[in-house]
Amino acid sequence: MFNFMIAGVQAPIFLLVFVGFTVGIVGGFIGVGGGYMVTPALIVFGFPGYMASGIDMTHIAGKGLVSTLRHRQLGNIDWTLALSMVAGTMLGVELGVRTLVYFKNIGVAGVVLLVTSVVVMFSLFLYTQIETRRSHRQLKALKNEGREIGRELHTSSLPKFFQSINLAPIVRCRTARVVVSMWVIVLVGVVTGFLAGFLGVGGGFIRVPALVYLVGASTHIAVGTDLVEIVFSGGYGALRHSIEGHVDMMAVVFMISGALFGAQIGSIATAYVRGPAIRYVLSYSLILATFGAVMRLLYVLTGQKVEWLSLVAVMLTLGEMIFLCLFIMSLLYFARRHKRGAWVPDWVKSLVTT
Amino acid sequence: MTTPGADFVAKAKGNGLLKSLINSMWGFWLLLLAFSLGLAAIVYFIWLKGNI
C-alpha cells in the first residue's frame, strides 16, 4: 500500500501500474484514451471522483503521446484528417459541456448521462459487431479461395454516401486515401466532440468508428489519427485539472510507468492484425462498458441500496481491462504462430497478417 | 512473454472440449471472459473490498 498524500488515499502501487499497463495496451490497439475504464477503476481504488478524472486525463495525455509516436512510425496517422477534425471536435466538446450543465441545473444529469452512455455505446457495439462479422466472413471466403487479401476490408456503404457530398472545400487525405468534403470531417468532429463533452470522456470509442464508417478511413489510420486528437484533448484536460489541483502526480507516475510499455505493445500489435480484428476488440470493449454502465444505472435507479449491482459493476470494470488486454495479447501470440506456420484456430487465420 | 493462449493451445492437444472452445471465436471469447472476471474477483476480494 502506498500513501497518496494529495489524494488522501492508500492504494497498492502494483494495481495502478497494472491498470496503466492494460489500458495502455488497449488504448494503443484500438485508439482510445480508456477514460471510461480508468476513471471507474480509480474510484474503485478509493480515489475521489474529481481526482480520478484528473489523474486519468494526465495519464491519457502521456500515454497518448507514446502511442501517437509509435503509430507515426507505423505510418498510421493522417495529419490532414487529424488537424481538420480538431476545430470541429473542440466546438462539439464545448456544446456537449453546455448541454451537460443544462441537465445538471434541472437536476437530472446523473440518469441522463448513464442512459445516453448506454444507448450510444450499445448502438456503436451493435453496428460495429454486425459489420465486422460480415467483413470477417468475406475475409474467410477470400482466404479459402486462395486470393490475396490486404490489411483492411469493411463492408459499410456509409462512407460512399459521405464521400459523394460535393461541398467545397474538398480535402485529399493522402495517407487515409480518402477524398471528402471538409464539412463532413468538421461535422464528424462536432458530433463526436459533442458526445465526448456531454459524456465526460475523451471520445476515442466514438471517433474511431466514425472515422471508419463515415469518413471511410481504414481502421489502422482511424486508430492512429484518433490518438492525435487524444493528445490534444488529454493535454488540455491535464492542464485544466492540474490548475484545479485535481492531480496526484505520484499516482500518474505509477500509471504512466505501466502505460509506457502497454501503449507500445498495443500500438505494435496493430501491425500484426487486419482491420476487422481491431474493430472486434473495439466492439467487445463497447459491450462490456455498456454492461458496466447498465449496472451503475440500475444501482442509481434502485436508490443505491442493492449492493450486488455495484459489485458487479466493479467486477466488469476490472474484468473488462483484463479481458481486452488478454484478447489483444492472444491475437499477437496467434499472429506470430501463424507466421511461423504453427497451428492457430481457424477464426484467427483471416484476422492476422501473414 | 507468455499469454493464456499459450496454455490453452498446449492443453487443447489432449482436450477435445477445450480445443473446440478455442476453435470457435465465441468459445474463446467466453473462456477469456470467464478467466478475466475470475481474476477481477480475486483482485477485488484481496485488495479492494474495504475501499468501496
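What tally of residues in the range A:338-354 results from selecting those that are surrounded by fewer than 21 Cβ atoms within 10 Å (Cβ to Cβ) and more than 8 Å from every other protein chain (Cβ to nearest Cβ)? The qualifying residues number 9.
In the set A:VAL247, A:VAL228, A:VAL252, which member is buried (at least 21 other Cβ atoms within 10 Å of the Cβ), part of a loop (DSSP other than H, G, I, E, B) and either hydrophobic (A, V, I, L, M, F, W, C) or free of Cβ contacts under 8 Å to residues at least 40 places away in the same chain (or both)? So that I can check it myself, show each step before the final result.
On the way: A:VAL228 fails: part of a loop (DSSP other than H, G, I, E, B); A:VAL252 fails: part of a loop (DSSP other than H, G, I, E, B).
None of the other options fit; the residue is A:VAL247.
Right, A:SER330: more than 15 Å from the chain's Cα centre (by Cα), hydroxyl-bearing (Ser, Thr, Tyr), surrounded by 21 or more Cβ atoms within 10 Å (Cβ to Cβ) and within 12 Å of chain B (Cβ to nearest Cβ) or not? Yes, satisfied. Of all residues in the range A:223-270 being polar (S, T, N, Q) and modelled with pLDDT of 90 or more, which is farthest from A:GLY20 (Cα to Cα)? Among them, the one singled out is A:THR225. The set of residues in the range A:1-37 being surrounded by fewer than 16 Cβ atoms within 10 Å (Cβ to Cβ), in a loop (DSSP other than H, G, I, E, B) and within 14 Å of another protein chain (Cβ to nearest Cβ) consists of A:MET1, A:GLY8.
Of everything in the range A:295-317, what is closer than 28 Å to A:TYR127 by Cβ and either within 13 Å of another protein chain (Cβ to nearest Cβ) or surrounded by 20 or more Cβ atoms within 10 Å (Cβ to Cβ) (or both)? Give them in sequence order.
Answer for the range A:295-317, where residues must be closer than 28 Å to A:TYR127 by Cβ and either within 13 Å of another protein chain (Cβ to nearest Cβ) or surrounded by 20 or more Cβ atoms within 10 Å (Cβ to Cβ) (or both): A:MET295, A:ARG296, A:TYR299, A:LEU309, A:VAL312, A:ALA313, A:MET315, A:LEU316, A:THR317.
Only residues that are within 18 Å of the chain's Cα centre (by Cα) and either outside any helix (DSSP H, G or I) or modelled with pLDDT of 85 or more (or both) were counted in the range A:93-116, giving 1.
The values are calculated or read from the model by the stated rules, or taken from the named source; none is laboratory data. Bear in mind the structure is a predicted one, so any value in this text is a computation, not a measurement. As a convention, Cβ positions derive from the backbone with ideal geometry for all residues, glycine included, and neighbour counts pool all protein chains shown.
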